[in-house]
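What follows draws every value from the coordinates through simple rules; no lab data is involved. Computed from a predicted structure; not experimentally measured. As a convention, Cβ positions derive from the backbone with ideal geometry for all residues, glycine included, and neighbour counts pool all protein chains shown.
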């Protein structure tokens with residue numbers, strides 16, 4: 001990781017040549033891994049970092065911090081150690097409040113975000129009072145299941161319930177007790193993402209984020225409920241990058257009509273390999289396997305090499321859940337390149353014989 005390594009930031013992808021840095025902040029009870037699937041939908045020249053709150057995953061043994069301003073202070077400090085780069089902050093639910101609070105701190109430090117995106121949460125001055133963090137376990141779990149029925153299996157397990165409830169309760173306390181005396185206005189654009197069927201925040205509440213920015217927020221509506229972004233990461237990411245005028249093409253890959261030969265297709269293959277390696281956590285067996293299937297000029301005259309190259313990557317890509325449309329697009333591009341190059345190869349060979 002460029003800059004000082006910090007337990008607060010999980011680097012999902014980072015490049016010295018990146019055009020911008022997207023930093024994501026998860027919901028109450030969430031973790032940095034929630035945003036790992038986004039790797040499959042981001043261009044290769046956009047860094048992706050996710051904030052890791054204490055008390056979960058690799059920070060499981062650390063003490064929870066049930067104070068949103070304290071969380072924001074630590075996160076902002078970690079971000080300030082990174083090399084300067086256009087910064088996009090995206091937060092969902094509790095993460096939305098944190099994205100705003102972190103944005104305020106960075107702005108005060110003279111290194112404000114380029115754009116702040118808040119999803120699925122009302123601004124602090126429109127947040128209704130709540131004390132669920134003081135309620136019994138059943139009441140707290142019922143509130144979670146009301147928002148995310150898919151989590152029923154996890155909370156039905158007594159061992160998992162005992163493991164994760166302290167984290168969830170701490171996060172609820174952080175967001176429910178967040179009542180800042182003063183609310184600064186961000187100089188950076190602040191935009192709102194909202195699901196049409198989200199019972200947690202109304203359109204009227206979402207509009208009041210305008211009080212916290214010098215820009216008029218754009219409010220983008222998505223189909224679904226509070227956790228809409230779990231089921232449609234591509235449209236969400238497309239919106240973030242489009243709003244910031246960053247093209248969201250697949251990993252910066254060229255389309256077949258713009259593919260000029262070996263160098264382009266090698267770049268596409270390398271991008272796919274990096275996606276898989278990131279998702280697998282640098283498992284050496286893939287690195288070793290992938291190195292045996294790089295396209296080169298020899299493969300033009302050896303169809304079996306191309307035939308061996310594709311299933312290898314298809315299998316690994318599907319195993320780590322990369323986007324099927326992206327995979328098929330890449331393989332179609334490889335085939336397009338191969339046919340064009342093989343045709344040129346045999347025409348050249350035939351002309352020499354004649």
Exercise. At a Förster distance of 41 Å, what's the computed FRET efficiency of residue 149 paired with residue 77, Cβ-Cβ distance as r, to 0.05?
Worked result: 0.65
Exercise. Between residue 183 and residue 62, what FRET efficiency follows from the Cβ-Cβ distance if R0 is 45 Å, with the result rounded to 0.05?
Worked result: 0.95
Seminar exercise, completed: Footprinting proxy, 16, 200, 176, 57: sorted fewest to most Cβ within 10 Å, the residues are 16, 57, 200, 176
For this session: For each of 62, 14, count neighbouring Cβ atoms within 10 Å of the residue's Cβ, then give the residues from fewest to most.
Result: 62, 14
Exercise. Which distance in nm do the two modelled labels at residue 162 and residue 109 give, with both placed 7 Å along the Cα-to-Cβ direction?
Worked result: 4.0 nm
For this session: Please give, to one decimal in nm, the separation of the simple spin-label points placed at residue 142 and residue 130, each 7 Å out from Cα toward the Cβ.
Result: 1.5 nm
Exercise. Points 7 angstrom from Cα along the Cβ direction at residue 199 and residue 242: gap in nanometres?
Worked result: 3.0 nm
Exercise. Ranking 94, 73 by Cβ neighbours within 10 Å, fewest first, what do you get?
Worked result: 73, 94
